[in-house]
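Read the structure below first, then the notes.
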Amino acid sequence: MGDDDDEGRNQPAEGVSGLRGVALRLDAQPSLLAAARWLRRGLPGDEKFGDPLSTAGVAPVAVVARSVSALRPERESVMHELSLAGLQVWQSLSEATGRGRGDLELAILFTDLVGFSSWALAAGDTAALELLRAAGAAIETAVLAHDGRIVKRMGDGLMATFPNPQMAVDAALSANDALGDVEVAGYRPRMRAGIHWGRPRKLGGDYLGVDVNVAARVAEAAKADQVLVSDAALRRIDLDAVQSGRRKRLKAEGTPPDMRVASVSRV
């Protein structure tokens with residue numbers, strides 16, 4: 001009687017174990033993996049959705065996708081691909097209904113502090129951190145006050161986007177003004193900024209593409225206390241509200257050969 005009871009109890013466990021084995025074999029089946037990836041290529045959104053670049057940001061779909069990606073199995077998995085396929089469609093629909101930027105034209109702003117790294121080496125970590133906090137507060141307050149969206153912070157600089165170039169210019173000039181009140185250990189930070197107008201590609205919480213690279217090159221060409229604007233952005237700002245310098249060719253790798261930039265300042 002006891003042996004029969006033990007055998008009866010073992011049968012369900014053996015059945016579950018057998019089903020688990022079948023599921024694992026199917027989950028790793030090459031033909032099913034190929035079908036899942038083919039499905040992802042045909043679905044709306046980014047078929048590579050799930051990698052660190054595409055899941056950056058604080059949007060709910062990005063947070064969930066990071067959790068799914070963190071559970072990446074040691075082997076290739078059909079269920080993993082299908083889970084990301086669902087999130088891929090969610091992300092695409094979120095952008096299509098206005099919670100993302102899609103292919104909209106945007107003004108892209110890059111800033112950084114000129115000479116900060118050299119000063120920080122001598123000033124030490126405590127002073128450097130204090131300065132970064134004070135400068136960051138001044139710059140970010142100006143960006144947000146002009147309807148800017150901070151995409152990412154990069155050490156002593158940031159990247160932000162704006163609905164139009166006029167807002168980006170106003171934000172950069174206001175940030176320069178606000179930095180005039182920042183001083184740490186006798187040091188006053190000096191910002192440079194670059195602005196470009198284009199169609200950056202949205203990927204998760206970040207933006208990529210040629211126009212982002214161009215905006216970064218414009219910022220790199222700026223001098224301390226200077227706001228440099230590409231000709232594409234300059235054509236879309238109120239030149240009666242600012243003073244613009246002479247347009248000059250931007251000689252930087254990765255930018256169009258005929259591209260021009262000009263500095264802008266308060267009238």
From the C-alpha gyration tensor of the range 106-266, square roots of 5λ in Å: 25, 17, 15
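Could you order the peptides 167-177, 119-129 from most to least packed, using the average number of other C-beta atoms within 10 Å per residue? It would help to have the intermediate numbers written out before the result.
Working: 167-177: 23.5, 119-129: 13.6.
Those peptides, ordered most packed to least, come out 167-177, 119-129.
Coordinate-derived values only; no laboratory data. Keep in mind it's a predicted model, so treat the numbers as computed, not measured. All Cβ positions, glycine included, derive from the backbone under ideal geometry; neighbour counts span all protein chains shown.
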